[in-house]
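Undergrad: The structure that follows is given in the form of structure tokens.
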Amino acid sequence: MAETKSTCPYCGVGCGVIIQHDGARVIEVRGDPEHPANFGRLCTKGSTLHFTARPESRLLYPELRTSKGEARARVSWDVALDTAADKFASVIREHGPDAVGFYLSGQLLTEDYYVFNKLAKGLVATNNVDTNSRLCMSSAVAAYKQTLGADAPPCSYEDFDHSDCMLIAGANPAFAHPIAFRRIEAAKAARPDMKIIVVDPRRTDTAASADLHLAILPGTDIWLFNAMLHVLLWEGYVNMPWVREHTEGFEALRQVVRDVTPAVAAGICGVPADDIIKAAKWWGEAQAPLSLWCMGLNQSHHGTHNGTALIALSLALGKIGAPGCGPFSLTGQPNAMGGREVGGLSNLLSAHRDLANPAHRAEVAALWGIESVPEKPGYSAIELFEAVREGKVKALWIACTNPAHSMPQQALIREALEKCEFVVLQEAYANTETAPYADLQLPALTWAEKEGTVTNSERRITHVNAAIPGPGETRADWAIARDFALKLGEKLGQPDAARLFAYPTAESVFLEHAESTRGRDLDITGLSYTLLDERGPQQWPFAAGASEGATRLYADGKFETASGKAQFIVPATSLTSEAIDARYPLRMTTGRLRDQWHGMSRTGKAARLYSHVDEPRIDLNSSDLDRRSIADGDLVRVKSRRGSIVLRAHATEEVRPGHAFIAMHWGRNVLSSSGVNELTLNKVDPHSKQPELKHAAIQIEKIELPYQALLMRSAVYADAANQLSLERAAALEPWLRKFDYAAVSLAGRDFPSVVLRIAHSSPIPAEWLAELDALMDLQGEHCMAYSDARRGVSKKAIVEEGMLTGLRLTGETAAGGWLKELMIERAPTDTVRRWLFAPLPKAPVAGSARGRIVCNCLNVSENEIRAAVAGGANLDALQASLKCGTSCGSCVPELKRLVAEGNKAVV
Ligand SMILES: Nc1nc2c(c(=O)[nH]1)N[C@H]1C(S)=C(S)[C@@H](COP(=O)(O)OP(=O)(O)OC[C@H]3O[C@@H](n4cnc5c(=O)[nH]c(N)nc54)[C@H](O)[C@@H]3O)O[C@H]1N2
Ligand SMILES: Nc1nc2c(c(=O)[nH]1)N[C@H]1C(S)=C(S)[C@@H](COP(=O)(O)OP(=O)(O)OC[C@H]3O[C@@H](n4cnc5c(=O)[nH]c(N)nc54)[C@H](O)[C@@H]3O)O[C@H]1N2
Ligand code: SF4
Ligand SMILES: [Mo]
């Protein structure tokens, strides 16, 4: 077995992974013990990467559709790129370069990004190149630029070890940045006096582990931060000499916060004034105060000012650039940072240059050896899709992102994609939600197959290596962009293209990018693939001749602004863009689950990653359910002013009364609706153009869908079970929309099964059930059936080699949980036969359900943990007896919470 060093392709922590493979297939992964982001650890998602790196469900060949409404057919790469170049060239000739657009992703490698950016800005001469980072980090980018003058997170992960007060606002790192959170837990364990404050409307696992949780009302962060600054001023914590010497604009902000007393903010934020004062005092007294933030602040129509108001708290104390200090935005995607470095947004240029700056434009033109780069700002993500919808942009190139799932107000996005004359989708996986709209699909290499570099949250660049060749005709993203550019250059009659895109290797792209950073804040002229291989991942800046990168920025109190001084910004005072009212009385927020990644094209392929949360749902406070006579587990219709979806209600005290939470992961591939972005709205921040994906006003009502069915199918052998489950899940997708509610998922570990849940308002036609039976192979010689037409109940079971491998219940699905467990655990099935032919549909009491799996590595369930806690176990005892939380550690925050809840119950 061979080993190849790479990084995890999920979150911005940027953990190093070692891919274990046989040259053809990935066999296992382990954390890279030498990587400075994770020192060998991986979370639930990273440690299951090998389950996602299989050729099943990959996009293997270019596919082209010759006219709308027809199916795509396989074509050669040559025909594919030729057709695309023809189409783009004709649109450009007829309607100008701004009639085409590129929509990219923070999950591309820096080299991929660089070539696309040059293609748009250098060859096509349009700035219509934007990315999903617009939905993610653009508010943090704008906040850094407005205050510190450059898009450069000044901190490092090692600052967790030096901080004595951490303010985590609008971030749930226990789920979204687990390995960073392991490091925070370790810091807290080593220095229990360190204070952790979490600002989040929900009581997340991150919040539950904090010393102080400020459960503010959504959208009110600026009021909280302003009130904290008020207290800092009042109590004399502000470092006035430093502020005078190194900053500008404090006076104006002081005027504003003078009136924002803790009492005023308490009324707006919905938290006690004393807690605001306590937070401010902890912050003011700290030697090393550190703030962390993520989407709870960025995804707001005042996301930029959420960031500047938080950054002001560090500037007011002059606590930036020293160990343990500063404002640290957590990057969402693995390489959103790299994208920002090459200027991969419609208002940026290579190496943190600004499109609006004529000198910067001239520098980039000189670097590329072209006359000029276009001056007119391009469309940002939301604007781009609006322009497509209005017919202004006629050809759209989408790479490494799934906008028909992840953009807000899906109805408009679908309309845009339908109208667009020519949509190219460059994807690694087949059948994403965006795929139906693609006129041309191009198969890309992905993790484990491609080479390049990524930059993580702490500015650290890692060389990512290819371990195995890609399946089918997949090609590297940067190479696809290069080959298209060469063809387009020919069609447009631009002989320059051959010179501009003469890249033989990914490294040649990297070297040009590095050269473009010379003399800039992120100067990496000292880096090369060789150096990164020999000396490991490095932080920027790392200029030629340097011996190491910078752990921290701004230690000298000099900033990247025109005056060299940091800026205080007077922030906006608005709240959420949509207020609740009598018709839409609930505040909905959206976000992430621990074990799923975005649209689930990868995590959705690993059965065990469904076991933490096994069905799409809306989290609501039990009081809101009681008031509406809705039980935990009932189906509800969730409505906003944009759309309506059906989900299962889940009662939880994690959300306050009047609030709701829906994870962003479930879309049309697994659900009867498009999921939460059917409900969200496309209001954007004026500075960053980032949409407010976190907030919308909704209503819920109980929905009666009496005709229910549950279908499950596994196989006797593990490999077959995995492959068949994936194939069946994909085949079921078109069926989901036929029902008022339907959700498909995987379940199990070594023997995955596919699970289809259906609820419908009218009887489910027998022909549909017959077709579903055929799709799931719920038939044949091993199939036993029982039906009671009078009571509308039917049951089917398949027992192979003494194990339950297939199941269909209609009419009455109460025994579903027990049977699902029987199937997943591959328990002996002697009871099944008796149950199957019994007239009463009840489950035998003996098989008590294990419940949700909390520890995915060791397969330990919530009920087992609760039972141990009831018997007096604390965290150590749980780890010793059940072994939960002893491998990747992702479940440790939840274990702590279950122990705390158990102790509370005893008191
Ligand atoms: N497991 C997993 N991890 C991921 C990802 C994933 O898909 N799955 N995606 C990655 C990406 S791209 C990103 S951007 C990050 C996102 O990482 P995070 O931002 O940490 O995760 P989210 O769950 O989107 O949102 C964080 C929190 O914001 C809170 N919030 C909502 N509204 C407000 C508000 O008005 N104020 C405050 N203070 N808080 C609010 C929500 O309750 C939520 O708990 O995660 C990365 N890591
Ligand atoms: N309501 C709501 N919506 C949200 C958010 C939210 O919090 N709430 N969060 C937003 C945020 S922060 C983000 S970052 C976005 C994420 O939204 P998306 O970018 O749409 O999410 P992914 O599913 O990660 O899409 C990446 C796609 O790239 C494909 N892929 C994987 N590897 C490769 C590769 O090497 N090459 C190519 N060409 N393709 C590849 C994957 O199969 C996948 O389909 O969602 C945003 N949408
Ligand atoms: S924390 Fe988990 S998801 Fe993020 S990079 Fe590390 S292993 Fe991957
Ligand atoms: Mo993100």
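The values are calculated or read from the model by the stated rules, or taken from the named source; none is laboratory data. What you are looking at is a predicted structure, and each value in this text was computed from that prediction instead of being measured. Ideal geometry is used to build each Cβ from the backbone, glycine not excepted, and the neighbour counts take in all protein chains shown. To get the accessible areas, we keep the full protein, side chains included, count just its heavy atoms, and leave off ligands, DNA and RNA. Shrake-Rupley method; radii C 1.70, N 1.55, O 1.52, S 1.80 Å.
Undergrad: So for the pair V79, S508, with labels modelled 7 Å out along Cα→Cβ, what separation do we get in nm?
TA: That separation, rounded to one decimal, is 2.9 nm.
Undergrad: Sticking with the crude label model, points 7 Å out along Cα→Cβ, report the distance from A877 to N431 in nm, one decimal please.
TA: 4.7 nm
Undergrad: Convert 4 °C to kelvin, take the viscosity as 1.567 mPa s, use the Kirkwood radius over C-alpha pairs of region 138-329 as Rh, and evaluate the Stokes-Einstein diffusion coefficient in µm²/s, rounded to a whole number.
TA: Diffusion coefficient, whole number: 80 µm²/s.
Undergrad: With unit charges on the beta carbons (Lys and Arg positive, Asp and Glu negative) and the dipole taken about the Cα centre of the chain, which residue among H162, V799, L367 sits farthest to the positive side?
TA: Farthest towards the positive end: V799.
Undergrad: Rounded to the nearest whole Å³, what is the per residue volume of the convex hull around the Cα atoms of region 748-800?
TA: On the way: hull volume 5.6 nm³, N = 53.
Dividing the Cα hull volume of region 748-800 by its residues yields 106 Å³.
Undergrad: Could you check the spin-label model distance between T530 and A252? Points 7 Å from the Cα along Cα→Cβ, value in nm.
TA: 5.0 nm
Undergrad: P(r) of region 390-540 in 5 Å steps, Cα pairs, percent per bin?
TA: Taking every Cα pair in region 390-540, the percentages come to 2, 8, 13, 15, 16, 16, 15, 10, 4, 1, 0.
Undergrad: Right, something else. Using r as the Cβ-Cβ distance of A189 and E390, and R0 as 45 Å, what FRET efficiency do you calculate, to the nearest 0.05? List each step's numbers first, then the result.
TA: Working: r = 55 Å, r/R0 = 1.23.
The pair A189/E390 has a calculated efficiency of 0.25.
Undergrad: Okay, next question. Could you calculate the FRET efficiency of M240 with S547 from 1/(1 + (r/R0)^6), where r is the beta carbon distance between them and R0 is 35 Å, rounded to 0.05? Walk me through the intermediate numbers first.
TA: On the way: r = 37 Å, r/R0 = 1.06.
Once rounded, the FRET efficiency stands at 0.40.
Undergrad: Continuing with this model, one more query. Mind listing the phi-derived Karplus ³J(HN,Hα) values for region 89-98, rounded to whole Hz, using 6.51, -1.76 and 1.60 with θ = phi - 60°, and x for any glycine or proline?
TA: 4, 5, 5, 5, 5, 7, 10, x, x, 7
Undergrad: Just read off the accessible area of F175 with the full protein assembly in place, 1.4 Å probe, to the nearest 10 Å².
TA: Using a 1.4 Å probe on the heavy atoms, I get roughly 30 Å².
Undergrad: Based on Cβ point charges of +1 for Lys and Arg and -1 for Asp and Glu, what charge dipole magnitude is obtained for region 469-529 about its Cα centre, in debye rounded to the nearest 20?
TA: Numbers: 7 positive and 10 negative charges, 34 e Å.
The dipole magnitude comes to about 160 debye.
Undergrad: Straight-line reach from K883: which aspartates and glutamates have a Cα under 16 Å away, not including same-chain ones fewer than 8 places off?
TA: E862, E864, E894
Undergrad: Right, something else. Which order, highest average first, do 295-308, 421-434, 341-354, 891-904 follow once you tally other Cβ atoms within 10 Å for each residue and take the mean per peptide? List each step's numbers first, then the result.
TA: Working: 295-308: 29.4, 421-434: 22.8, 341-354: 24.6, 891-904: 19.4.
So the order, starting with the most tightly packed, is 295-308, 341-354, 421-434, 891-904.
Undergrad: Next question. Give K87/K118; K45/K487; K702/K796; K195/K565 a once-over and call out the pairs whose C-alpha atoms are over 27 Å from each other.
TA: As for pairs spanning more than 27 Å Cα to Cα, those are K45/K487; K702/K796; K195/K565.
Undergrad: Also: Out of every Cα pair in region 2-52, what percent are spaced more than 19 Å from each other? Before the final figure, lay out each step's value.
TA: Values: 199 of 1275 pairs.
Tail of the P(r) past 19 Å holds 16 percent of the pairs.
Undergrad: Now for a different question. Just name one of G40, T52, T66: the one whose Cα is farthest towards the positive end of the charge dipole of region 1-72 (beta-carbon charges, Lys/Arg +1, Asp/Glu -1).
TA: T66
Undergrad: Further question on the same structure: If you put +1 on each Lys and Arg Cβ and -1 on each Asp and Glu Cβ, how big is the dipole of the chain around its Cα centre, in Debye rounded to 20?
TA: Numbers: 97 positive and 106 negative charges, 327 e Å.
Here the size comes out at about 1580 debye.
Undergrad: May I pose another question? Checking the table K376/K491; K689/K738; K683/K904; K68/K639; K121/K419 against a 30 Å threshold on Cα-Cα, which pairs fail? Present the calculation step by step, with values, prior to reporting the outcome.
TA: Working: K376/K491 24 Å; K689/K738 36 Å; K683/K904 42 Å; K68/K639 32 Å; K121/K419 25 Å.
Violating the 30 Å Cα-Cα cut-off are K689/K738; K683/K904; K68/K639.
Undergrad: Which chymotrypsin sites (Phe, Trp or Tyr not before Pro) in region 748-855 sit in a loop by DSSP (not H, G, I, E or B) and have at most 13 other Cβ atoms within 10 Å of their own Cβ? Please report the intermediate quantities before stating the final value.
TA: On the way: sites: W768, Y786, W818, W835, F837; in loops: F837.
Of the chymotrypsin sites (Phe, Trp or Tyr not before Pro), the ones in loops of region 748-855 whose Cβ has at most 13 other Cβ atoms within 10 Å are F837.
Undergrad: Rounded, prolate or oblate: which fits the chain, taking a ≥ b ≥ c as square roots of the Cα gyration tensor eigenvalues, rounded meaning a/c under 1.5, else prolate when a/b beats b/c?
TA: Judged from the Cα gyration tensor, the chain comes out oblate (a/c at least 1.5, b/c at or above a/b).
Undergrad: Moving on. Where does region 34-126 land on the Kirkwood hydrodynamic radius, alpha-carbon pairs, in angstrom? Don't skip to the answer; put the middle values down first.
TA: Working: mean 1/r = 0.0585 Å⁻¹.
So the Kirkwood estimate lands at 17.1 Å.
Undergrad: To continue, here is another question. Accessible area per residue for the chain in Å², computed with a 1.4 Å probe and the full protein assembly in place, what is it?
TA: Working: 30830 Å² over 907 residues.
Roughly 34 Å² per residue, with all protein chains present.
Undergrad: Ok, one more. Keeping all protein chains in the complex and leaving out DNA, RNA and ligands, what accessible area do you get for Y237 with a 1.4 Å probe, in Å² to the nearest 10?
TA: 60 Å²
Undergrad: Enter the accessible area of M240 (Å², nearest 10), with the probe set to 1.4 Å and all protein chains included.
TA: 40 Å²
Undergrad: Do the sum for the chain: with -39,500 (n - 2.57) for every DSSP H run of n ≥ 4, divided by all residues, what is the mean residue ellipticity at 222 nm, to the nearest 500 deg cm²/dmol? All intermediate terms of the calculation are to be shown ahead of the outcome.
TA: Values: 31 runs with 296 residues, N = 907.
Per the formula, -9500 deg cm²/dmol.
Undergrad: How would region 707-835 be classified by its alpha-carbon gyration tensor: rounded, prolate or oblate, with rounded meaning a/c under 1.5 and the a/b versus b/c comparison settling the rest? Could you put the intermediate results ahead of the total?
TA: Values: a/c = 1.75, a/b = 1.18, b/c = 1.48.
Note, shape of region 707-835 comes out oblate.
Undergrad: If you don't mind, there's one more thing I want to ask. Can you give the convex hull volume per residue for the Cα atoms of region 586-702, as a whole number of Å³? Intermediate results must be reported in sequence, preceding the final value.
TA: Details: hull volume 12.6 nm³, N = 117.
Hull volume over Cα atoms, normalised by residue count, gives 107 Å³.
Undergrad: Per residue, what volume in Å³ does the Cα convex hull of region 1-158 take up? Don't skip to the answer; put the middle values down first.
TA: On the way: hull volume 28.5 nm³, N = 158.
That works out to 181 Å³ per residue.
Undergrad: Size of the dipole of region 586-702 about the Cα centre, Lys and Arg at +1 and Asp and Glu at -1 on the beta carbon, nothing else charged, in debye to 20?
TA: Values: 20 positive and 14 negative charges, 91 e Å.
Roughly 440 debye, rounded to the nearest 20.
Undergrad: How many percent of Cα pairs in region 157-258 exceed 20 Å?
TA: Working: 2555 of 5151 pairs.
Summing the P(r) of region 157-258 above 20 Å gives 50 percent of all pairs.
Undergrad: Right, another one. Which ³J(HN,Hα) values in Hz, rounded to whole numbers, follow from the phi angles of region 458-475 under the Karplus curve 6.51 cos²θ - 1.76 cosθ + 1.60, where θ = phi - 60° and Gly and Pro get x?
TA: Per-residue couplings from phi come out as 9, 6, 9, 9, 10, 7, 9, 10, 8, 9, 10, x, x, x, x, 9, 4, 10 Hz.
Undergrad: Right, here's the next one. Residues with amide H under 5 Å of C325's amide H, sequence separation 5 or more or different chain, H placed in the peptide plane at 1.01 Å from N; which?
TA: Counting only residues 5 or more places away or on other chains, the set is empty.
Undergrad: I'd like the GluC sites (Glu not before Pro) in region 740-799 restricted to DSSP loop residues with at most 11 other Cβ atoms within 10 Å, sorted by number. Before the final figure, lay out the partial values.
TA: Numbers: sites: E767, E771, E781; in loops: E781.
Here the GluC sites (Glu not before Pro) that fit, given the DSSP loop and packing criteria, are E781.
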